[in-house]
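Each value in this text was obtained by applying a stated rule to the coordinates, not by laboratory testing. Keep in mind it's a predicted model, so treat the numbers as computed, not measured. For neighbour counting, all protein chains shown are included, and Cβ atoms are generated from backbone atoms with ideal geometry for every residue, glycine included.
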Amino acid sequence: MQALYGQLLVGLINGAFYAMLSLGLAVIFGLLNIINFTHGAQYMLGAFCAWLLLQQGLGYWWALLLAPIVVGAIGVVIEKTMLSRLYKLDHLYGLLLTYGLALIFQGVFTNYFGSAGQAYRLPEEFSGAFNLGFMFLPRYRAWVILASIIVCVATWFVIERTKLGAYLRAATENPTLVQAFGINVPRMITLTYGFGVALAALAGVMAAPIYQVAPQMGANIIIIVFAVVVIGGMGSIAGAIISGFALGVVEGLTKYFYPEASSTVIFVVMAIVLLVRPAGLFGKER
Amino acid sequence: MKGWTGKLVALGIAAALGTAAAQAQISDNVIKIGVLSDMSSLYTDLAGAGSVVAAKMAVEDSGIEKRGYKVEVISADHQNKPDVGSAIARQWYDTEKVDVIVDTPNSGVALAVNQITKDKGKAFLVSGAATSDLTGKACTPNTIHWTYDTWMLANGTGGAIVKTGGDTWFFITADYAFGQALERDTAAVVTKNGGKVVGGVKVPLNNQDFSSFLLQAQSSKAKIIGLANAGGDTTNSIKQAAEFGIVKGGQNLAGLLVFLTDVHALGLPTAQGLIFTETFYWDMNDQTRAFAKRFAERDKGIHPTMVHAGVYSAVLHYLKAVEALKSDDGTKVVAKMKEMPTDDPLFGKGSVRADGRKIHPAYLVEVKKPSESKGEWDLYKIRATIPADQAFRPMADGGCPLAKQQLFVTTVLGRDLADFCAIVTDELREWSVSAADAPFARWGSTSMCAE
């Protein structure tokens with residue numbers, strides 16, 4: 001039984017990553033209807049940005065602040081120069097563009113940095129673990145859960161409960177009307193995209209000390225994150241967060257009972273959810 | 001008179017064609033070498049583009065092009081998928097007229113290409129893949145397993161650790177051909193030396209997060225956690241084990257397959273003290289250091305792993321055999337490579353056995369402490385040398401039919417192999433029986449008696 005508690009907690013930690021990543025994707029995918037395949041590459045960019053900052057002498061806390069800003073700015077540039085031209089077309093064009101960008105980022109980084117990855121040392125404040133009796137919980141992983149919950153709740157609050165969020169939700173439902181009210185809709189969309197990308201980069205910085213900072217780190221995780229967003233329901237921020245944590249736990253339990261299936265269980269769940277509730281668990285039919 | 005001139009001309013043409021045919025047995029006049037590797041995923045750094053560099057260096061160092069032969073080196077990415085690797089191998093052999101495939105990290109892909117190479121009668125020189133089945137039940141007359149294998153790793157690393165007190169093991173295994181072979185071979189060594197395997201877990205390939213599996217390893221209370229995985233999987237396992245206080249809790253990690261590039265990626269503070277087995281290290285002697293310097297200049301400063309060294313050594317020996325035979329027919333060249341002893345600046349003197357296993361010494365290495373290292377790639381100290389005759393599985397134990405045949409002929413019949421083959425083929429000819437129908441067909445038609 002004790003081993004099970006440990007697995008549940010580990011599942012929760014993974015779920016925290018999934019939640020943070022799917023939050024950014026839910027904002028972009030759910031609200032703006034942009035299929036952002038670059039999300040995984042932007043997560044990787046965040047991690048690499050943190051590593052590069054470390055080479056310049058700026059530590060973890062600086063990276064937490066600067067990396068999302070830098071990568072978010074890159075996201076804004078991508079949106080302004082490339083994505084905004086595709087809004088009038090079928091969503092699939094956005095998919096193709098972002099997928100191509102992801103491959104380019106990955107290829108360039110693999111070329112310069114190799115695939116084995118770079119080491120990112122855990123910041124000293126986080127070394128050591130809490131002895132919970134049934135397992136050792138590394139301090140850093142506890143911080144990940146905490147930070148993830150804070151970021152997710154804060155984002156949900158801004159989008160669902162503030163005026164700014166209300167404008168954003170209105171702008172995605174009916175842009176022409178909202179623009180008629182004098183709100184600069186294109187700029188809002190650009191900044192929202194940048195914000196979603198910054199969230200991905202933040203997840204990347206948090207991942208850097210525990211996973212190898214490698215060019216493929218995004219490709220491995222992006223498919224799972226898309227599945228999480230689909231299960232949670234498009235357009236639902238809370239859905240993405242809750243599904244992220246829940247699926248982390250489901251995956252953790254699978255790793256305990258039948259590890260060979262652990263990389264596919266999320267997709268099995270996605271298939272079932274799509275059959276039963278096509279709009280996702282918390283989504284609204286469009 | 002007319003009849004005679006005609007016959008003379010015909011004879012002349014036949015003679016000319018005959019001699020021409022005897023010399024121009026290099027198919028399409030080009031020796032085409034295909035480097036099939038992982039160019040984009042978790043095994044890229046230990047093999048990948050570096051293997052292509054190593055192959056090209058071998059071609060240049062052999063000097064074969066100065067003696068009138070044309071050699072071409074091409075490469076492709078098998079993406080760690082057996083179906084992709086098989087499709088590339090087929091296309092290379094059928095359409096692009098490739099004569100030999102080298103490298104192939106990923107045992108699943110290697111086993112698939114192994115079978116295809118045998119069907120097409122070409123040659124396959126494996127440096128990157130690990131499964132000992134390539135010289136065991138899956139052995140063919142067309143494949144040579146060059147650099148290392150799971151048995152050597154199990155025996156070297158596993159044996160050394162059990163003898164120093166690590167007698168209970170828990171395995172974290174990459175769930176495909178390689179991981180399963182490595183776990184099987186290491187478990188056998190552990191039990192043979194009086195140890196016990198208390199548990200294990202199979203993990204999908206290219207997994208990012210090992211926390212759940214490390215927790216299970218911790219609760220098993222095994223003294224040693226054996227990592228039957230490689231590349232990115234191993235580095236992630238080791239990094240995360242440090243986080244979860246595995247070593248502080250009294251358990252030790254056994255990296256069963258670790259490469260120079262993995263240690264470099266982990267960094268000495270995390271990797272220090274790791275003990276494992278390799279068959280090549282760039283800093284062993286002046287010749288290996290000279291090679292490493294040239295290699296690093298061509299591969300972005302990366303120093304060669306044993307996989308890269310193996311590709312170099314294998315291609316060098318292959319070209320020697322092709323030149324000696326004046327032919328690039330796969331089955332015949334492989335047989336010639338088994339006949340000729342090997343000698344190169346990286347592995348020294350060695351040989352290739354009947355079952356396709358290349359023999360050379362193995363080295364038990366330990367990762368240096370940060371204070372002991374004087375350079376970016378100064379990462380190992382050599383703890384022990386395992387002599388060549390003890391490093392690899394005895395031929396009789398592998399279950400390879402080629403080995404059985406040769407052992408039967410030489411030990412039971414007491415005959416010299418060449419005599420035996422001559423007798424068999426004469427008999428078949430006398431009875432006008434096709435090789436496939438004769439009761440002794442298997443003996444005459446394997447490369448043991450390559451004709």
- Taking amide H positions as placed 1.01 Å from N in the peptide plane, with prolines and chain starts having none, which residues 5 or more places from B:V71, or on another chain, fall under 5 Å of its amide H? B:I31
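Arrange the peptides B:149-157, B:343-351 so that the one whose residues have, on average, the most other Cβ atoms within 10 Å appears first. Intermediate results must be reported in sequence, preceding the final value.
Numbers: B:149-157: 26.8, B:343-351: 18.0.
So the peptides B:149-157, B:343-351, ranked by packing, come out B:149-157, B:343-351.
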- For region A:211-277 and region B:217-243, compute the distance between their C-alpha centroids and round to whole Å. 24
- Within 10 Å of the Cβ of an average residue in B:238-246, the count of other chain Cβ atoms is 5
- Query: Mind ordering B:167-179, B:102-114, A:270-282 by average Cβ neighbours within 10 Å, highest first?
  - Reply: B:102-114, B:167-179, A:270-282
- Note the angle between two axes, namely the Cα long axis of helix B:82-94 and the longest principal axis of the Cα atoms of chain B, as a number of degrees from 0 to 90, rounded to the nearest 10. 20
- FRET efficiency for A:L92 and A:E125, using Cβ-Cβ distance with R0 set to 41 Å, rounded to 0.05: 0.35
- Query: Each label point is 7 Å from the Cα along the Cα-to-Cβ direction; what then is the distance between the points at B:K81 and B:K326, in nm?
  - Reply: 4.5
- Here the net charge surrounding B:A49, from other residues whose Cβ is less than 12 Å away from its Cβ (Lys, Arg +1; Asp, Glu -1), is -2
- What is the distance, in nm, between label points placed 7 Å from the Cα along the Cα-to-Cβ direction at A:W61 and at B:D389? 6.5
- Message: Using a 7 Å offset from Cα along Cα-Cβ at B:E72, what residues in region B:28-43 end up with backbone N under 16 Å from the label point?
- Response: B:28-36
- In whole angstrom, note down how far apart the Cα centers of region B:134-177 and region B:97-129 are. 20
- Message: Counting only other chains, and only Cβ atoms inside 10 Å, what mean value do you get across the residues of B:35-43?
- Response: 3
- Message: Among B:60-70, B:389-399, A:140-150, how do they line up by average Cβ neighbours within 10 Å per residue, starting with the highest?
- Response: A:140-150, B:389-399, B:60-70
- Task: Just add up the charged neighbours of A:G248: K/R +1, D/E -1, any other residue whose Cβ is under 11 Å from the Cβ of A:G248.
- Result: -1
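Express in nm, to one decimal, how much length is gained between B:S351 and B:I382 on full extension, taking 0.36 nm for each residue of separation and deducting their alpha carbon distance.
Between B:S351 and B:I382, full extension yields 8.9 nm more.
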- Average other protein chain Cβ within 10 Å of Cβ, residues B:258-268: 3
- Note on the structure: For chain B, longest principal axis from Cα atoms; helix B:107-120 axis from its Cα atoms; angle between them, nearest 10 degrees, is 10
- In degrees, nearest 10, the alpha-carbon axis of helix B:177-192 is tilted away from the dominant principal axis of the alpha carbons of chain B by 70
- Message: With n ≥ 4 as the cut-off for DSSP H runs, can you work out [θ] at 222 nm for the protein assembly as shown, using -39500 (n - 2.57) per run divided by the number of residues, rounded to the nearest 500?
- Response: -17000 deg cm²/dmol
- Starting from the Cα-Cα distance between A:L4 and A:V153, subtract it from 0.36 nm times their residue separation and give me the gain in nm to one decimal. 50.9 nm
- Item | Cα gyration tensor category, rounded, prolate or oblate, for region A:2-276 with a/c compared to 1.5 | prolate
- Message: Can you give me the C-alpha center-to-center distance between region B:25-57 and region A:8-66, rounded to a whole angstrom?
- Response: 36
- Item | Local net charge near A:P186, Cβ-Cβ under 10 Å (Lys/Arg +1, Asp/Glu -1) | +1
